[in-house]
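*Asks:* Got a structure for you, written out below as structure tokens; questions coming shortly.
Nothing in this text is a laboratory measurement; each read-out follows from the coordinates by a stated rule. Since we're looking at a predicted model, the values are computed, not measured. Using ideal geometry, Cβ is built from the backbone for each residue, glycine included, and neighbour counts are taken over all protein chains shown.
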Amino acid sequence: MEEKSEKEAAAYTILVVDDSEDMRVLLYELLHEEKYTVLLAEDGQEALDRATLHHPDLILMDMSLPGMSGWEVVERLRQMDEFHITPIIAVTAHTSKGDVERSIAVGCTSHVNKPFDILALLEQVEGLLKYC
């Protein structure tokens with residue numbers, strides 16, 4: 001992966017949304033090590049609240065969340081002007097072709113299956129942030 005200065009990475013904020021504490025911790029540690037600012041949410045409503053308050057540069061969204069699903073959160077975010085182009089990556093165990101198509105249809109920029117390749121995910125995050 002291409003080296004980036006601490007200032008460049010720290011300039012980006014990423015919202016990690018997952019109901020699994022283990023997954024939130026893993027993603028936090030991976031992204032923090034890359035010098036990103038990381039926000040965490042464990043359910044759909046918290047995701048909406050944090051996104052609208054902090055306007056992250058990129059969102060990693062689990063699609064199976066308690067209460068409001070990730071599918072619904074993405075649809076709601078895409079209805080807001082400030083989130084029309086924010087990259088949203090579905091990071092989910094929903095791995096069928098139909099699930100991938102549904103993720104894209106509701107507004108996800110891309111879809112990553114759990115379990116995922118850490119380096120591939122980090123490269124995708126970096127690649128999408130280049131266009132922010």
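*Asks:* Please work out how many pairs of lysine residues in the chain are eight or more positions apart (or on different chains) and have Cα atoms closer than 16 angstrom. Please report the intermediate quantities before stating the final value.
*Replies:* On the way: K4/K35; K4/K130; K7/K35; K7/K130; K35/K130; K97/K114.
Within the chain, the lysine pair count is 6.
*Asks:* Give the order of Y131, Y12 when sorted by the count of other beta carbons within 10 angstrom, beginning with the fewest. Show your work: numbers first, answer last.
*Replies:* Working: Y131 8, Y12 21.
So the residues, fewest neighbours to most, are Y131, Y12.
*Asks:* A further question on this structure: Grab the DSSP H runs of the chain that are 4 residues or longer, score each as -39,500 (n - 2.57), total them, divide by all residues and round the 222 nm result to the nearest 500 deg cm²/dmol.
*Replies:* Values: 6 runs with 60 residues, N = 132.
Per the formula, -13500 deg cm²/dmol.
*Asks:* Work out how much length A93 to V25 would gain on full extension: take 0.36 nm times their residue separation and subtract the Cα-Cα distance, in nm to one decimal.
*Replies:* Numbers: separation 68, 0.36 × 68 = 24.48 nm, distance 1.72 nm.
Difference between extended and current length: 22.8 nm.
*Asks:* Give me the net charge of F83's neighbourhood, meaning all other residues with Cβ under 15 Å from the Cβ of F83; Lys, Arg count +1, Asp, Glu -1.
*Replies:* Details: positive: R50, R76, R78; negative: D49, D57, E72, E75, D81, E82.
Residues close to F83 contribute a combined charge of -3.
*Asks:* Right, here's the next one. What does the C-alpha gyration tensor say about the overall shape of segment 48-90? Classify as rounded when a/c is under 1.5, otherwise prolate if a/b is larger than b/c, or oblate. The partial results should precede the final answer.
*Replies:* Working: a/c = 1.59, a/b = 1.50, b/c = 1.06.
Judged from the Cα gyration tensor, segment 48-90 comes out prolate (a/c at least 1.5, a/b above b/c).
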